[in-house]
Amino acid sequence: MNFIKFRYASFTVVLLLLFITTFSLFTKGLNYGIDFKGGYVLETKFSQAPNLDKLRTSLENLKIGAVSMQQIGNDKSNILIKLEDQGGKNQVGKVKDTLGKGVAYRQVEVIGPKVGKELVGNAVKSVLLTLLAMLIYITIRFQWRYALSAILTIFYDCMMIVMLYTVFPFEFSESAIIGILITAGYSINDTIVIFDRIRENLLRRTKLTVPEIINGSIQETLSRTTLTVAATMLSLLAMYFLGGAVIAEFSLPIIVGVISGTFSSIFVAAPLLLVFGFSKHALRQGI
């Protein structure tokens, strides 16, 4: 398959998706979850392990806004419940009435909007610092054209996860931040493998043109990429469909990131080298 031949089509798809995401981000914003919007956190101790699905349904039927819950530690009777702030409604009281008398409340805290803003700021900083570190690393190990292509590709992959929380009705939570960072790591790993093969083939296959070398390098690493993504997706899909609501929320952005990262490392990262004037002459001159 001639991957380089389809580079303009792939670039068009990428730019279109980025435009949709950016437009939605500025018009609708992110669908922030409880951790960012503020609300209440209840650390509870049940007399016996509750059925989380039934418990979640009972609390959602109260119509008190978004509700999330998760098990704390190894004891299945310890449940952390988070409630979205509904502005003055007696949400905590309604929850306590629904849970009944056999529940101990170890801690009840209020999450203010200031904490949410700090979380957003820290999330942005962590992603930017990650991209900066990768840019420096790839520039030192390879060349600036490799680094620029990789960083733009990773930025696209991260934006695809953002699209999940701005175009579609999924709540942006701490799981989304984790998904973005994992996606950046997964994407750069795939991209570096292809870049490494391109560098090797530039030295070994001197009679081939640069586009032929890039295309051949992608084909040589394609089986490795396919096997890796297949094994990863099997685990992620099992987590999403069989792991329950909390695990599904965690695995969904990673699934999107793996799909996006696989596509971009093949159809975007390597072809971008040609856009930045990647050539044998440039490499020999060290520019």
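The values are calculated or read from the model by the stated rules, or taken from the named source; none is laboratory data. All values reported here derive from a predicted model rather than from experimental measurement. Here Cβ is always computed from backbone atoms with ideal geometry, including for glycine, and neighbour counts include all displayed protein chains. The area values use the complete protein model at the heavy-atom level, side chains included, leaving out ligands, DNA and RNA. Shrake-Rupley method; radii C 1.70, N 1.55, O 1.52, S 1.80 Å.
The table for this structure:
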{"item": "Set Ser187, Ser175: member being touching a helix residue (DSSP H, G or I) at 6+ places or on another chain (Cβ under 8 Å), of a type in the set (S, T, N, Q) and either part of a loop (DSSP other than H, G, I, E, B) or over 25 Å from Tyr137 (Cβ atoms) (or both)", "result": "Ser175"}
{"item": "Single residue of region 80-94 satisfying the filter (part of a helix (DSSP H, G or I) and not small (Gly, Ala, Ser)) that is surrounded by the most Cβ atoms within 10 Å (Cβ to Cβ)", "result": "Gln91"}
{"item": "Options Val193, Val246, Val229, Val256; residue that is of a type outside the set (Asp, Glu), in contact with a strand residue (DSSP E or B) (Cβ under 9 Å, 6 or more places away or on another chain), part of a helix (DSSP H, G or I) and open to solvent by 20 Å² or more (accessible area, probe 1.4 Å)", "result": "Val246"}
{"item": "Condition broken by Lys37, with the remaining ones in (1) basic (Lys, Arg); (2) within 27 Å of the chain's Cα centre (by Cα); (3) modelled with pLDDT of 85 or more satisfied", "result": "(3)"}
{"item": "Residue tally, condition open to solvent by 20 Å² or more (accessible area, probe 1.4 Å) and either at pLDDT 80 or above or under 20 Å from Met159 (Cβ atoms) (or both), over region 273-287", "result": "3"}
{"item": "In region 151-171, residue surrounded by the fewest Cβ atoms within 10 Å (Cβ to Cβ) [restricted to those that are more than 15 Å from Ala270 (Cβ to Cβ) and of a type in the set (A, V, I, L, M)]", "result": "Val167"}
{"item": "Conditions (1) over 27 Å from Phe170 (Cβ atoms); (2) loosely packed, with under 14 Cβ neighbours inside 10 Å; (3) out of contact with any helix residue (DSSP H, G or I) (no Cβ under 7 Å at 6 or more places or on another chain); number of the one not met by Tyr105", "result": "(2)"}
{"item": "Leading residue by the ranking (farthest from Tyr156 (Cα to Cα)) among those in region 1-19 that are among the aromatic types (Phe, Trp, Tyr) and free of Cβ contacts under 8 Å to residues at least 24 places away in the same chain", "result": "Tyr8"}
{"item": "Which numbered condition Leu181 misses (of (1) open to solvent by 20 Å² or more (accessible area, probe 1.4 Å); (2) in a helix (DSSP H, G or I); (3) at pLDDT 90 or above)", "result": "(3)"}
{"item": "In region 207-231, the residues that are among the polar types (S, T, N, Q) and either without any contact (Cβ under 8 Å) to a residue 24 or more places away in the chain or on the phi > 0 side of the Ramachandran plot (or both)", "result": "Thr209, Ser223, Thr226"}
{"item": "Which listed residue, of Lys117, Lys125, is under 30 Å from Lys94 (Cβ atoms), of a type outside the set (Gly, Ala, Ser), open to solvent by 30 Å² or more (accessible area, probe 1.4 Å) and assigned to a helix (DSSP H, G or I)", "result": "Lys117"}
